[in-house]
Amino acid sequence: MKTTVWTLQEEVGRELPEIKEAARFLREGKLVAFPTETVYGLGADARSDQAVERIFQAKGRPSDNPLIVHISEIAQLEGLIADFPAKASELAALYWPGPLTMVLPVKAGAVSPLVTAGLSTVAVRMPDHPAALALIQEAGCPVAAPSANLSGRPSPTTARHVLEDLEGKIDGVLDGGPCGVGLESTVVEWSGDVLHILRPGGITQEQLSRHADQVLNAANLTARERKVQEQPRSPGMKYTHYAPRGKLVIVKGESQAEVIDYIQAQLDQAKKQGETTGVLTFQSDSRAFRADLVEACGTEGDLSLAASRLYGCLRSFDDLGVTRIWAESCTESGIGFALMNRLRKAAGDRIVEI
Ligand code: TXA
Ligand code: MG
């Protein structure tokens, strides 16, 4: 299959021929990747079993992991969900369009059962990106879209990342340049007055705490607490994600100097054993390390920048065939919480505390 690439200029609207053609593809049941403010999504008409089935095939995604449905205006909720509680409506007014996904009761027959993986709920969000909004409007349908990567790989933050994973497997990609946030949306669900964060992301726990008496972060649960829950509330969280091909280890310590020394010793030893080595650092000065590839992801002072670069950095290790990677850790507040959540998953929970 030929994958069409549409390159977008600054001014994007429904009337652009590129948007019109991409929207027609969606209406025809084809797969179109598109930029959002978080990561690139792989879109299909959420109502079509066949189109949605193709998403799972192209990504190699397990069928029990439901998809997020993307909308361009609040009025679309009417046809999608059975109930829109006042608290959810308040969050939508504040954060949509934006990196917040809400799990809501699905209206029977509104979307393909493949989208919800048979659950009675549907995850919905309105992306804050002009190309995404124009595409959804012009397509005239709710758009199911997971991140546009092969399952298990880091999510794509550029059209090039999408093509690396999916060229020849999807019908088209709208290239709108690099994504701003760089990490996926925050997924939340209300249960009574308690707001559960099922996946940390672009909207932080600190922000959400202003709008709920209690915010529970599933990502903070201990392994035992997680077991007590009959099933993970967000099925996607149980899969390994975002992983580079090389073995990644996170190093934590009180003293930065000790962390650097420890990592350097590990790098030197691995190098002697013939490994290709890499470091992911949050220092401004990447010369602190000797390795085959030093990726300076961003600094503690600007964790938003670090978040926007994380997946690109992880992919760079793969591009160079790096086999062993050590990563520093960053402060887990604000967007740093989602950043460390993804880094920990990329490391398969391998963390060394020195
Ligand atoms: O930023 C994002 O959210 C990106 C862009 C493309 O919008 N999309 C994205 O989709 O990250 P995906 O499929 O990679 O992740 C969707 C997450 C998974 O963890 C999934 O389990 C969860 O949302 N999810 C979807 N439907 C759900 C539901 N009904 N109940 C609970 N969790 C759900
Ligand atoms: Mg994903």
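The values are calculated or read from the model by the stated rules, or taken from the named source; none is laboratory data. Computed from a predicted structure; not experimentally measured. Every residue, glycine as well, gets a Cβ built from its backbone with ideal geometry; the counts of neighbours run over all protein chains shown. Ligands, DNA and RNA are stripped out before the accessible areas are found, and what is left, the full protein with its side chains, is counted by its heavy atoms. Shrake-Rupley method; radii C 1.70, N 1.55, O 1.52, S 1.80 Å.
Annotations for the structure displayed:
- Apportionment of accessible area to carbon and sulfur, the chain, percent (1.4 Å): 48
- Taking the chain and dividing mean pair separation by its residue count, relative contact order in percent (alpha carbons under 8 Å, at least six apart): 19
- Net charge in the neighbourhood of Ser89 (other residues with Cβ under 13 Å of its Cβ; Lys, Arg +1, Asp, Glu -1) is -2.
- Tilt relative to the chain, helix 49-59 - C-alpha long axis, 0 to 90 degrees, to 10: 10
- Distance violations [Cα-Cα > 27 Å] among Lys87/Lys345; Lys271/Lys345; Lys247/Lys272; Lys59/Lys247; Lys107/Lys169: Lys87/Lys345; Lys107/Lys169
- The chain - convex hull of alpha carbons, volume per residue in Å³: 139
- Counting only protein chain heavy atoms and rolling a 1.4 Å probe, the accessible areas of Leu94, Leu183 rank, largest first, as Leu94, Leu183.
- Tilt relative to the chain, helix 256-272 - C-alpha long axis, 0 to 90 degrees, to 10: 80
- Rounded tilt (10° steps) of 335-346 against the dominant C-alpha axis of the chain: 80
- With DNA, RNA and ligands ignored, accessible area of His70 (1.4 Å probe; Å², nearest 10): 10
- Contact order relative to length of the range 264-354, as percent, for alpha carbon pairs under 8 angstrom and 6 or more apart: 27
- Residue-level accessible surface for Met126, protein heavy atoms, 1.4 Å, Å²: 10
- The range 149-187 and the range 43-65 have Cα centres separated by 16 Å.
- Neighbourhood charge, 15 Å Cβ-Cβ cut-off, centred on Arg125 and excluding it, Lys, Arg +1 and Asp, Glu -1: -4
- Three-way shape label, the range 107-205, alpha-carbon gyration tensor, a/c 1.5: prolate
- Local charge for Lys59 was computed over the other residues whose Cβ lies under 10 Å away, with Lys and Arg +1 and Asp and Glu -1, and equals +3.
- Solvent exposure of the chain amounts to 43 Å² per residue of accessible area, where only protein heavy atoms count and the probe is 1.4 Å.
- Karplus-derived HN-Hα couplings along the range 100-113 (A = 6.51, B = -1.76, C = 1.60, θ = phi - 60°), whole Hz, x at Gly and Pro: 10, 10, 10, 8, 10, x, 7, 7, 4, x, 6, 10, 4, x
- For the range 1-54: rounded, prolate or oblate by the Cα gyration tensor [a/c cutoff 1.5]: prolate
- Whether the range 305-354 is rounded, prolate or oblate, judged on the alpha carbon gyration tensor where a/c under 1.5 counts as rounded: oblate
- Over the chain, dividing the summed -39,500 (n - 2.57) contributions of all DSSP H runs of at least 4 residues by the number of residues returns a 222 nm mean residue ellipticity of -9000 deg cm²/dmol.
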